[in-house]
1. Just name the residue that is nearest to residue 115 (Cα to Cα) out of those in the stretch 64-81 that are loosely packed, with under 13 Cβ neighbours inside 10 Å and in contact (Cβ under 8 Å) with a residue 24 or more places away in the chain.
2. Filter the stretch 82-112 down to residues that are surrounded by 15 or more Cβ atoms within 10 Å (Cβ to Cβ), over 12 Å from the mean Cα position of the chain (by Cα) and under 13 Å from residue 14 (Cα atoms), then give me how many there are.
3. Which of the residues spanning the stretch 36-52 are over 11 Å from the mean Cα position of the chain (by Cα) and surrounded by 15 or more Cβ atoms within 10 Å (Cβ to Cβ)?
4. How do the pairs read when you match residues in the stretch 91-117 that are on the phi > 0 side of the Ramachandran plot and in contact (Cβ under 8 Å) with a residue 60 or more places away in the chain with residues anywhere that are surrounded by 13 or more Cβ atoms within 10 Å (Cβ to Cβ) and assigned to a loop (DSSP other than H, G, I, E, B), using Cβ under 8 Å and keeping only pairs 6 or more apart or on different chains?
5. Could you run through the stretch 17-31 and say how many residues are in a helix (DSSP H, G or I) and either free of Cβ contacts under 8 Å to residues at least 12 places away in the same chain or buried (at least 17 other Cβ atoms within 10 Å of the Cβ) (or both)?
């Protein structure tokens, strides 16, 4: 899937917005940025933010964020982000993005990969 430079900027803003919502413990806003499929999977903002707290601490409370390049996962564009967790350890987060009918973007998933693994 081809994404424009404007899409790349919009995707980065969406990811930043969700991370900022996590930092404020704003489960409602963080959940609203997720795709409909993710929302259906977790059901409520509270269940969603609890899962992120427990399974993705680097995403929930990053000390540092570096946006890298893009790749494609199952035909979805994916933004690679380097995160430093509270302990100072680095991890790569791969944010799978889904474009909506109105051309906006939502986060369709995120998984963590060792910093040593080459993704792009």
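1. At the first step, the residues of the stretch 64-81 found to be loosely packed, with under 13 Cβ neighbours inside 10 Å are 64, 66, 69, 74-75.
If we keep only those that are in contact (Cβ under 8 Å) with a residue 24 or more places away in the chain too, we end up with 69, 75.
Details: 69: 14, 75: 23 Å.
Looking at the filtered set, the residue picked out is 69.
2. 1
3. Within the stretch 36-52, the first condition is being over 11 Å from the mean Cα position of the chain (by Cα), and the residues that meet it are 36-51.
Once the filter is applied, which keeps residues that are over 11 Å from the mean Cα position of the chain (by Cα) and surrounded by 15 or more Cβ atoms within 10 Å (Cβ to Cβ), the stretch 36-52 yields 38, 39, 42, 45, 48, 49.
4. Listed pairs, sorted by first residue: 109/35.
5. Here is the first cut: in the stretch 17-31, the ones in a helix (DSSP H, G or I) are 17-23, 27-31.
Restricting the remaining residues to those that are either free of Cβ contacts under 8 Å to residues at least 12 places away in the same chain or buried (at least 17 other Cβ atoms within 10 Å of the Cβ) (or both) gives 18-22, 27, 30-31.
Number of matching residues: 8.
Every read-out reported here was derived from the displayed coordinates using simple, explicitly stated rules and does not represent laboratory data. All values derive from a computational prediction rather than experimental measurement. FYI the Cβ positions are ideal-geometry reconstructions off the backbone, even for glycines, and counts take in every protein chain you see.
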